[in-house]
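To start, the structure itself, in structure tokens.
The values are calculated or read from the model by the stated rules, or taken from the named source; none is laboratory data. Keep in mind that this is a model prediction, so the values were computed, not measured. Glycine also receives a Cβ, built like all others from the backbone with ideal geometry; neighbour counts cover every protein chain displayed. When the accessible area is computed, the model is the full protein with side chains, heavy atoms only, and any ligands, DNA or RNA have been set aside. Shrake-Rupley method; radii C 1.70, N 1.55, O 1.52, S 1.80 Å.
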Amino acid sequence: DAATLVTDVSLSGSTVHEFSVSPAGWMVYEIARGNGAEMLRTVGPDGVNDFPLPGRAATNLEDVAVAPDGSKIVVRIPAATQDLWMFDRRRGTLERFTVDGGMSPAWTPDGKRVAYLAPVDSQGRQGVVVQNADQSGAPQVLLRRDNVFPNSWTPDGRTLLFTVTRVANSISSSYDIGQVTVGDTAITWLLNSDFSERQPQLSPDGKWAL
């Protein structure tokens, strides 16, 4: 039977729960502290720990993503120009990870790279960008397409599963699931129907997607 782990997970909007779980057994989620202010909580081998972000007053947080080994956390701070920030849980440091905005971060299984949605040209068009977690080297544009939200990598770190927004009408949207391989811009659609499918998460062996 399903079991309740935690009960105070924050929401982004009215439907998206802000939490992330790593293969090594780390869970990080955002807990509300009143008036929209939030902070991070980790649950893992070293117990339960709360982390206010250093150098920042409590503020709204979104798009939390924990590294596979639990050591680092990427989080979007909407009040900070919609950028992604890298929080080093062990060192207690917070560093800016993007400079032109970013959202929907997804770590590769080896913890060395992060994919995210960001502007990819001067006209503001969007795409999926891959950046080394230590910020060495230039970001790599994996896919040029608006409203593509990275979700999960295959075990070899070569293929990314994502959600793409498909506008149904002027007041609502639906979603499909696709995948793209590094070095190949061709999209393979996994779920592309009249229904709304989103946020795929691959099993550790890559066999199943939830």
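For the stretch 128-164, filtering for residues that are at positive phi and under 17 Å from the mean Cα position of the chain (by Cα) leaves 3. Of note, Asn147 satisfies the criterion of being modelled with pLDDT under 95, among the polar types (S, T, N, Q) and open to solvent by 40 Å² or more (accessible area, probe 1.4 Å). Counting the residues of the stretch 156-199 that are at pLDDT below 90, open to solvent by less than 40 Å² (accessible area, probe 1.4 Å) and under 21 Å from Val141 (Cβ atoms) gives 1.
To keep it simple, each residue is scored yes or no on (1) charged (D, E, K, R); (2) open to solvent by 30 Å² or more (accessible area, probe 1.4 Å); (3) within 11 Å of Pro150 (Cβ to Cβ); (4) at pLDDT 95 or above.
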| site | (1), (2), (3), (4) |
| --- | --- |
| Asp100 | yes, yes, no, no |
| Lys112 | yes, yes, no, yes |
| Pro119 | no, yes, no, no |
| Gln131 | no, no, no, yes |
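The criterion of at least 1 residues that are polar (S, T, N, Q), crowded, with 18+ Cβ neighbours inside 10 Å and modelled with pLDDT of 85 or more is met by the following strands (runs of 3 or more DSSP E) wholly inside the stretch 1-96: 19-21, 38-44.
Of all the criteria given as (1) under 21 Å from Leu190 (Cα atoms); (2) at pLDDT below 95, the one not satisfied by Ser152 is (2).
So which residues in the stretch 200-210 are open to solvent by 100 Å² or more (accessible area, probe 1.4 Å) and touching a residue at least 12 places away in the same chain (Cβ under 8 Å)?
Within the stretch 200-210, the first condition is being open to solvent by 100 Å² or more (accessible area, probe 1.4 Å), and the residues that meet it are 204-205, 207-208, 210.
Across the stretch 200-210, the qualifying residues are Pro204, Asp205.
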